[in-house]
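Have a look at the structure below, then the notes.
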Amino acid sequence: MAALVVKKQACILITLLTYLVIINAMMTAASAGGSTDHDLTSGFESLPLRKKNIRILKPYDIPLEQRYSFINGIHKCWVYSTDKPHSPASKTLPRTEIGIHGYGYRSGVWQFEGYGYVPKGTTGVCIMQIFGATAPRASSAMVRVYDGKLMFYRRKVLAENIYDKWFRLNVIHDVGASKVQIYIDGELKLETKDGGGVVHTFKCGVYAQNHDSNYMESRWKDLKVFRKL
């Protein structure tokens with residue numbers, strides 16, 4: 001009988017130790033992978049995004065509904081490489097971008113969050129940017145798509161095989177520290193210096209870059225802007 005009790009106690013002890021090992025491994029993996037979902041918004045306030053805060057930049061000679069739609073909570077932006085820029089005076093490449101209006105910022109810590117989707121075939125395009133930088137640059141950060149990869153400009157791969165599936169993108173900009181952090185699905189992928197500048201705004205959609213495909217599209221839902229308290 002005593003042997004059975006000892007054996008049972010040993011089994012319980014082994015089970016408890018196994019659980020502790022698993023929990024420790026999960027905590028270590030979370031720490032190595034970057035901040036958790038709670039960490040990303042802790043200490044931030046969510047700012048209201050209303051219709052007036054959404055401004056669409058699209059080819060100047062084409063009606064809005066031919067390059068943008070908003071159906072069932074999903075923003076769909078598309079553009080062609082042969083399209084005109086967003087204004088007759090602009091020398092930039094074609095785009096259909098959602099500009100977050102009313103939340104331009106000069107200081108503090110700001111965060112963009114959105115769920116993005118890029119269909120297969122779209123390449124050579126910026127899908128999100130922090131607009132504003134010291135000349136000759138125009139942006140402090142760009143998230144681009146090249147052949148199914150999410151990239152920081154063309155300098156670093158942020159995620160592989162992103163076509164035809166939703167992903168969560170969080171971009172945190174600490175102006176005072178000149179620091180930008182980019183998270184994909186809650187995992188920190190890059191921390192880097194910003195591009196300087198005075199006023200910054202968040203944009204997402206499609207903005208043609210080098211080696212762009214003829215047709216470019218991205219979709220967005222649950223867009224949010226946060227400001228650190």
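The values are calculated or read from the model by the stated rules, or taken from the named source; none is laboratory data. If you're wondering where the values come from, they're calculated on a predicted model, not measured in any experiment. Keep in mind that these areas ignore ligands, DNA and RNA; they rest on the heavy atoms of the full protein, side chains included. Shrake-Rupley method; radii C 1.70, N 1.55, O 1.52, S 1.80 Å.
Summary of computed values
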quantity	calculated
Where only alpha carbons of the range 66-146 are counted, the Rg and the Dmax (Å)	14.0, 39
Residue-wise HN-Hα coupling along the range 49-58, computed from phi with Karplus coefficients 6.51, -1.76, 1.60 (Hz; x: Gly, Pro)	10, 10, 4, 5, 8, 9, 10, 9, 9, 8
Nearest-10 value in Å² for the accessible area of LEU57, using the 1.4 Å probe	50 Å²
Vicinal HN-Hα couplings computed from phi for the range 214-229 (Karplus, 6.51 cos²θ - 1.76 cosθ + 1.60; Hz; Gly/Pro x)	4, 10, 10, 8, 9, 10, 9, 9, 6, 5, 9, 10, 10, 10, 5, 6
